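**Q** The following block contains the structure, expressed as structure tokens.
The values are calculated or read from the model by the stated rules, or taken from the named source; none is laboratory data. If you're wondering where the values come from, they're calculated on a predicted model, not measured in any experiment. Counting neighbours? That spans all protein chains shown, and the Cβs are built from the backbone with ideal geometry, glycine included. These accessible areas exclude ligands, DNA and RNA; they are computed on the full protein's heavy atoms, side chains included. Shrake-Rupley method; radii C 1.70, N 1.55, O 1.52, S 1.80 Å.
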Amino acid sequence: MCGIVAYLGQKPAQPILVEGLKRLEYRGYDSAGLALLAESSFRIHKTAGRIAALEAILPKPDPLNPGTIGIGHTRWATHGEPNTINAHPHVDATGKITIVHNGIIENYATLKKWLMDKGCTFTSATDSEVIANLIGYFYATGAPRTGQTPPDNENKFEWAVQQALREFCGTYGLAIMCSDYPNMLIGAKKGSPLILGVGDTEYIIASDAAAIVEHTTQAIYLSDNEMVVITPTGFRTKTTDNVLVTKRLKDIEFSLEQIELAGHVHYMAKEIAEQPRALATCLGGRIDVKNARVILGGIQNQLRELTRTRRIILTACGTAWHAGLVGEFLFEQLARIPAEVEYASEFRYRNPIIQDGTIVIAISQSGETADTLAAVEQAKERGAMVLGLVNVVGSTIARKTDAGVYLRVGPEIGVASTKAFTAQVAVLTMLAIELGRRRHLSSDCAASLLSELHSLPLKIDKILEQSEHIKDIARENIGRENWLFLGRGVNYPVALEGALKLKEISYIHAEGLPAAEMKHGPIALITDQMPAVFIATKCSQYDKIIGNIEEVRARGGRTIIVATEGDHDIARYADHLITIPEATEQLQPMLTVVPLQLLAYHAAVLRGHDVDRPRNLAKSVTVE
Ligand code: AGP
């Protein structure tokens with residue numbers, strides 16, 4: 001995903017921009033650049049490749065005039081190949097406007113032709129350069145469609161930005177400078193996140209709070225079609241139609257420490273290891289074992305409607321979708337509420353039928369995933385109450401849903417989602433138990449599940465102790481290019497998740513399947529070259545899954561089995577055995593997923609991949 005950092009303050013901007021861009025590296029990128037505004041002219045440096053390559057070409061800041069205002073960008077190519085020319089910032093043809101852009105301008109080709117017909121020149125193949133040029137065009141000439149001429153006053157830059165924004169179809173997060181306004185920085189947002197960090201004497205615009213927290217924890221979150229105009233004396237927020245809006249300062253709810261590696265080699269390793277603490281925080285204060293109740297403050301007012309609902313639709317993408325599948329199982333088992341899970345990317349385009357009494361739950365770590373956001377909007381348009389299970393506080397999905405529950409696991413920096421999954425499942429479990437209590441679930445059963453939930457962090461700790469053993473398993477199978485992950489019931493989504501993790505960061509082909517489906521075709525693939533990872537913990541379908549393991553072994557397949565501690569019988573079916581502490585079936589996904597995360601992590605490292613910057617950059621897909 002692309003990243004934006006922009007600075008206006010009293011310090012030299014260059015090192016602050018570089019540091020900020022480094023904080024956004026985890027989002028993936030292929031080129032980087034920055035522009036400083038000093039002595040009414042731009043100093044622009046950009047390059048294909050890593051931030052280190054950018055640093056190598058940056059001159060030392062001029063001690064007399066270092067430039068205390070600037071914009072920076074990490075680009076993930078969408079229009080035009082990843083090279084220096086296409087890297088941001090882009091400058092307009094007059095040389096007065098420079099921008100960095102996240103998002104996609106869908107009508108850029110039409111606008112580009114229009115501008116070229118007017119004599120405007122382009123140097124890059126990007127959609128983003130159209131933004132710089134259109135602002136520059138309006139700034140220089142006025143707005144031909146409305147017949148307006150640019151105001152000849154201090155608002156001319158701002159006015160030109162507003163004229164241009166009206167013409168764009170698509171999405172943008174923008175930071176913009178004009179060389180005639182050496183003390184002004186403008187940010188604007190539609191469909192891509194943009195946050196303004198507000199310090200005592202400095203301002204930082206960023207696409208992600210990770211680039212801000214080092215400087216301030218006070219921020220405002222721009223909404224779509226809003227812009228911010230910043231000068232050394234303050235800032236004003238308004239709609240892109242020029243209506244002033246008052247925004248409240250909010251606390252960025254994580255610290256610098258949380259976004260640093262804390263001794264781990266990769267963020268993914270850190271976040272896997274953090275799961276006991278993250279899960280404890282997610283559960284903290286939400287479980288009342290004595291009264292067998294769950295307290296989810298964020299949806300307290302919606303509980304009555306939830307209890308009466310006729311159908312729950314869970315919608316999400318990727319790992320969050322897998323959590324949704326676990327949720328479907330739990331809502332049906334514990335609360336006896338019909339539930340179904342929809343890929344947000346399918347739901348949004350399918351003209352879905354939302355009947356009276358349907359509640360939609362959107363699940364998203366980032367709260368910015370474009371498909372999930374569009375699914376939320378679809379569901380709301382059709383009259384559904386929409387709840388959000390989101391990690392990032394103040395994110396767009398958190399704001400757009402009617403109510404919701406935060407995951408509280410702190411920032412998830414690794415591209416591969418790990419601790420967010422366990423927390424998503426934990427919240428869905430708590431919700432299913434509470435709804436169950438309000439319907440059919442006995443107090444004893446709820447109390448026993450809730451008290452066991454409390455014990456899960458310690459159980460995860462025990463699984464993490466097997467990391468070296470799991471690494472050995474990964475090493476022994478590292479040459480295998482095709483893997484199967486098989487589970488049943490509530491552990492079937494975990495099999496899907498195990499396969500996704502392996503694909504995503506190890507680039508090994510993997511399929512996740514309900515174990516019983518294997519015999520309907522995929523069994524033909526089984527050889528001793530294809531490891532089959534089974535989740536075969538003690539559960540209601542234990543005997544059935546043993547049958548599935550037998551089928552694989554009968555064909556010479558190699559098995560890696562995740563089993564319950566103390567299940568001595570299962571060892572004879574396993575080429576490799578990993579154990580999890582005993583747990584009630586409904587709660588097992590929060591445990592069984594952990595060895596699969598470790599397996600994928602170790603396989604990726606053993607293969608020499610950059611785990612935190614994998615080829616898949618789907619951290620919050622399509623929010624570039
Ligand atoms: C999983 O490891 C991926 N990073 C990806 O599938 C992710 O879960 C998906 O893109 C959804 O992201 P979200 O939870 O931020 O909405």
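**Q** For VAL341, state whether it is in contact with an Asp or Glu (Cβ under 8 Å, 6 or more places away or on another chain), open to solvent by 10 Å² or more (accessible area, probe 1.4 Å) and in a loop (DSSP other than H, G, I, E, B).
**A** It is false that VAL341 is in contact with an Asp or Glu (Cβ under 8 Å, 6 or more places away or on another chain), open to solvent by 10 Å² or more (accessible area, probe 1.4 Å) and in a loop (DSSP other than H, G, I, E, B).
**Q** Go through region 508-528 and count every residue that is assigned to a loop (DSSP other than H, G, I, E, B) and surrounded by fewer than 16 Cβ atoms within 10 Å (Cβ to Cβ).
**A** Total meeting the criteria: 3.
**Q** ASN351 passes all but one of (1) touching a Ser or Thr at 6+ places or on another chain (Cβ under 8 Å); (2) more than 15 Å from the ligand (Cβ to nearest atom); (3) among the polar types (S, T, N, Q); which number fails?
**A** Here ASN351 clears every test but (1).
**Q** Here is a follow-up. When you go through LEU330, LEU325 one by one, which is the residue that is touching a helix residue (DSSP H, G or I) at 6+ places or on another chain (Cβ under 7 Å), part of a helix (DSSP H, G or I), open to solvent by 10 Å² or more (accessible area, probe 1.4 Å) and touching a residue at least 24 places away in the same chain (Cβ under 8 Å)?
**A** From the options LEU330, LEU325, the qualifying one is LEU325.
**Q** On to the next question. Just a yes or no: is a residue in region 591-610 at pLDDT below 95 and charged (D, E, K, R)?
**A** Taking every residue of region 591-610 in turn, at least one turns out to be at pLDDT below 95 and charged (D, E, K, R).
**Q** Quick one: which residue in ALA384, ALA362, ALA423 is at pLDDT 95 or above and over 16 Å from the mean Cα position of the chain (by Cα)?
**A** ALA384
**Q** Among the residues of region 270-295, which ones are out of contact with any Asp or Glu (no Cβ under 7 Å at 6 or more places or on another chain), crowded, with 19+ Cβ neighbours inside 10 Å and under 22 Å from ALA335 (Cβ atoms)?
**A** LEU279, CYS282, LEU283, ARG286, ILE287, ALA292
**Q** Across region 95-123, which residue is surrounded by the most Cβ atoms within 10 Å (Cβ to Cβ) among those that are farther than 28 Å from ASN183 by Cβ, touching a residue at least 24 places away in the same chain (Cβ under 8 Å) and of a type outside the set (A, V, I, L, M, F, W, C)?
**A** If we take residues in region 95-123 being farther than 28 Å from ASN183 by Cβ, touching a residue at least 24 places away in the same chain (Cβ under 8 Å) and of a type outside the set (A, V, I, L, M, F, W, C), then TYR108 is surrounded by the most Cβ atoms within 10 Å (Cβ to Cβ).
**Q** For the subset of region 19-56 comprising residues that are open to solvent by less than 10 Å² (accessible area, probe 1.4 Å) and farther than 23 Å from VAL611 by Cβ, which member is farthest from the chain's Cα centre (by Cα)?
**A** The residue in question is ALA38.
**Q** For region 226-243, which positions are touching a residue at least 60 places away in the same chain (Cβ under 8 Å), part of a loop (DSSP other than H, G, I, E, B) and open to solvent by 20 Å² or more (accessible area, probe 1.4 Å)?
**A** Selection gives PRO232, ASP241, ASN242.
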